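Here's the structure, in C-alpha cells; my notes come after.
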Amino acid sequence: MASKNNVLWKEGLFVQPQHLQQQARFNAYQLHQRISGASEYLYGFKQLELNQEYLSFGKIAIVRAKGVMPDGTIFDIPNDVPPPTPLTISDVSAVNQIVYLTLPMHADGMLEVQWPDTYVNARYMAKSEEIKDIVTPDGSYVDVPLSVPNMQLALDRDDRSAYTSLALGRILDKRPDGSLVMDESFYPTSISLEAVSPLKRFLGEVAGLMRERAKNIAMRIGSPSQAGVADVTDFNLLLCLNRLQPYFQHLARCRQVHPEDIYIAFSQACGELSTFTDEGRLPAEYPAYQHDRLRESFVVLEETLRRILSTVMQPRAVSLPITKHQYGLLTAPLQDRFLLESAEFILAVRARMPNDKLRQQFLQQAKVASIEKINELVNLQLPGIPLNSLPVAPRHLPYHSGFNYFELDRSSTPWQRMMKNTAGFGFHIAGQFPELELQFWAIRSQ
C-alpha cells in the first residue's frame with residue numbers, strides 16, 4: 001500500500017517525479033481526511049444536466065455536472081473535465097437500471113495515467129494545455145501536461161468494484177423507436193438541492209402549504225363569528241407552523257442546501273405536526289437517511305407532510321349566530337347537522353343585573369326548543385329543553401366578564417323528542433333583562 005506520509009524535503013535532495021507524486025498524495029490524503037471527518041455525506045452532485053436530445057437516440061450523455069466523487073475527487077464537466085463518452089442502451093434489458101458516473105480508483109503500483117499511445121483504462125487521462133505565465137511581465141504560453149479525471153458512465157449491472165461512482169439516474173423505459181425515458185422521480189446522489197429538482201420543487205410546495213395553512217388558522221381564530229375563540233390546539237398548531245414555515249421558506253430560497261439538512265427539517269416537521277393530526281400523537285418510525293439512496297430516505301417523509309398539511313382540522317367550538325324576532329323569539333339555524341349527534345350546546349348570557357339574579361331569572365323565563373316547536377311551546381306554556389347552569393365557562397370558549405353559561409340538557413325528554421330532524425334552535429326570552437347579550441355555541445366532542 002502506498003504511503004500517505006509527507007516527503008522530507010532537505011538541501012541537496014535529488015528531486016525526482018516520485019517525490020512530487022508523494023507530496024501530492026500526502027496533500028490530497030490530508031485534505032480528504034479533514035473534510036470527511038466533518039461529515040460522511042460530503043460527496044455527490046452539485047449540478048447535473050443530461051442531454052435530452054441524446055435520450056431520443058437511445059443514449060445517455062451529460063451536458064454539465066459538478067460535484068465530488070466519494071473518494072474526494074472534484075469534477076466540473078465540461079469546464080475542467082470533458083463529458084464522458086455517451087452510454088448507448090441497445091435493448092430493454094437496461095430498463096430499471098441505475099446509471100452511474102464512475103471514476104477508476106487508486107491502485108497501488110498501477111499506472112494511473114492514460115497516455116495518448118496507451119490503451120489502459122487508467123484513473124487519469126493525459127492532456128496538454130497551454131498555460132500562460134501570469135507573474136512575469138509579458139509572460140508567454142507553454143504546453144503543460146495535465147492529468148484529467150477519466151470519467152465514465154456505467155449501469156448498475158456493470159462491474160464497478162474498481163470504480164468510485166455516483167448514481168445519476170434510472171432508466172424508466174426504452175420505447176419501440178429506441179428513445180429512452182428517465183425516471184423523473186429519481187434522486188441523484190447529491191451534495192446540493194440544485195441537483196435534485198423533484199426534491200427542490202417539493203420543498204417549495206411544502207413552504208407554500210405551510211403558509212396557507214397558517215393563514216387559514218389565523219383567519220379562523222380572528223373571525224368575528226368565532227368571537228375570538230379558538231381551541232388551544234389551534235394556537236399550538238399555528239405556533240408550530242409559524243416557526244417551521246420561515247425556515248422552510250429560507251431553505252427553498254437557498255441555492256446550495258445539502259439533502260441531509262432537508263431530511264432533518266422534514267423529519268422534525270413530521271414529528272411536530274403529527275402531534276396534532278395523528279391519533280396516537282406520536283410520529284412514525286421514519287426511514288434512516290441514506291445518502292446513496294435519497295429517494296428511499298424521503299418518500300415516506302414527503303407522503304407524511306402532504307397528508308398532514310392537507311388534513312382539515314375543524315375547530316372544537318363553533319359559534320351559531322342568533323337572529324332576533326318579535327315578541328322575544330330568537331332563532332339559531334343549524335348548518336351542520338352532525339353537531340346534533342355529539343356536540344354540547346352552550347348558551348352564554350349577559351345582562352346589566354347581578355349574576356345570581358340573572359341565573360335565577362333566566363332559568364325561569366327562558367325557553368329552548370327546536371325552531372319548528374318553539375311557537376307551540378310558548379303558546380301552550382309547555383317546558384322546553386332544560387338548561388343547566390355552569391359554574392365556569394367551558395374551557396373551549398373564551399372567558400368574557402359578566403357572562404353566565406348554560407348547557408342544554410341532551411339527555412332530557414324534550415331534546416330526544418324535538419331535536420332529531422330540526423333545522424335549528426328556537427329561543428323565547430320572557431321578562432326584562434336590561435342590555436341582554438346572547439351567544440350560542442356548539443362544542444364538538446372531538
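Laboratory data are not the source of any read-out in this text; all were calculated from the coordinates shown. Quick caveat: nothing in here was measured; it's all calculated off a predicted structure. Virtual Cβ from ideal backbone geometry, glycine too; neighbours counted across all protein chains shown.
A few points about this structure:
- Of Gly178, Gly271, Gly169, the residue with the greatest mean-square motion in the GNM of the chain, using alpha carbon springs below 10 Å, is Gly178.
- Per DSSP, loop chymotrypsin sites (Phe, Trp or Tyr not before Pro) in the stretch 14-52 with at most 10 further Cβ within 10 Å: Phe14
- Whole-Hz Karplus values for the stretch 259-267 come out as x, 5, 5, 5, 4, 4, 5, 5, 5 Hz, taken residue by residue from phi with 6.51 cos²θ - 1.76 cosθ + 1.60 and θ = phi - 60°; glycine and proline positions read x.
- The mean sequence separation of alpha-carbon pairs under 8 Å and at least six residues apart, normalised by the residue count of the stretch 19-186, gives a relative contact order of 23 percent.
- The 3J(HN,Hα) values that the Karplus relation (6.51, -1.76, 1.60; θ = phi - 60°) gives for the stretch 268-285 are, in residue order, 5, 5, 4, x, 5, 6, 5, 4, 9, 10, 8, 4, x, 6, 10, x, 6, 7 Hz. Gly and Pro appear as x.
- In loop segments of the stretch 107-184 as defined by DSSP, the chymotrypsin sites (Phe, Trp or Tyr not before Pro) with at most 14 further C-beta atoms inside 10 Å of their C-beta are Tyr119.
- Considering only Phe403, Gly271, Val120, and ranking their Cα positions along the charge dipole of the chain that arises from unit charges at the beta-carbon of Lys, Arg, Asp and Glu, the one farthest toward the positive end is Phe403.
- Long-range HN-HN contacts of Leu320 with modeled amide H, under 5 Å: Phe440, Trp441, Ala442
- C-alpha long axis of helix 197-221 to longest principal axis of the chain, angle in °: 20 degrees
- Entry note, the chain: relative contact order of 12 percent, from Cα contacts under 8 Å with a spacing of 6+ residues.
- Shape call, the stretch 317-443: gyration tensor on alpha carbons, a/c limit 1.5: oblate
- Phi to ³J(HN,Hα) by Karplus 6.51 cos²θ - 1.76 cosθ + 1.60 over the stretch 25-32, Hz, x for Gly, Pro: 5, 5, 4, 5, 5, 4, 5, 5
- Two-decimal Rg/Rh across the stretch 84-179, once Rg and the Kirkwood Rh are taken from alpha-carbon atoms: 1.16
- Candidates Arg175, Arg352, Arg220: whichever shows maximal mean-square fluctuation once the chain is modelled as a Gaussian network with Cα springs under 10 Å: Arg352
- Cα gyration tensor shape for the chain, rounded if a/c is under 1.5, else prolate or oblate: prolate
- Based on Cα contacts under 8 Å between residues 6+ apart, the stretch 195-310 shows a relative contact order of 26 percent.
- Nearest-ten-degree value, helix 294-310 long axis tilted from longest Cα axis of the chain: 20 degrees
- The angle between the Cα long axis of helix 355-365 and the longest principal axis of the Cα atoms of the chain comes to about 70 degrees, rounded to the nearest 10.
- The GluC sites (Glu not before Pro) of the stretch 311-395 that meet both conditions, a loop assignment by DSSP and at most 16 other Cβ atoms within 10 Å of the site Cβ, are Glu372.
- What you get for the chain, charging only the Cβ of Lys and Arg (+1) and of Asp and Glu (-1), is a dipole of about 2140 debye around the Cα centre.
- Alpha-carbon centroid distance for the pair the stretch 137-169 / the stretch 171-192, whole angstrom: 23 Å
- Met182, Met69, Met418, Met219 arranged by Cβ crowding within 10 Å, fewest neighbours leading: Met219, Met182, Met69, Met418
- Anisotropy class of the stretch 19-186 from Cα gyration tensor, a/c 1.5 cut: prolate
- Gaussian network model of the chain, Cα within-10 Å springs - most flexible of Ala167, Ala366, Ala61: Ala366
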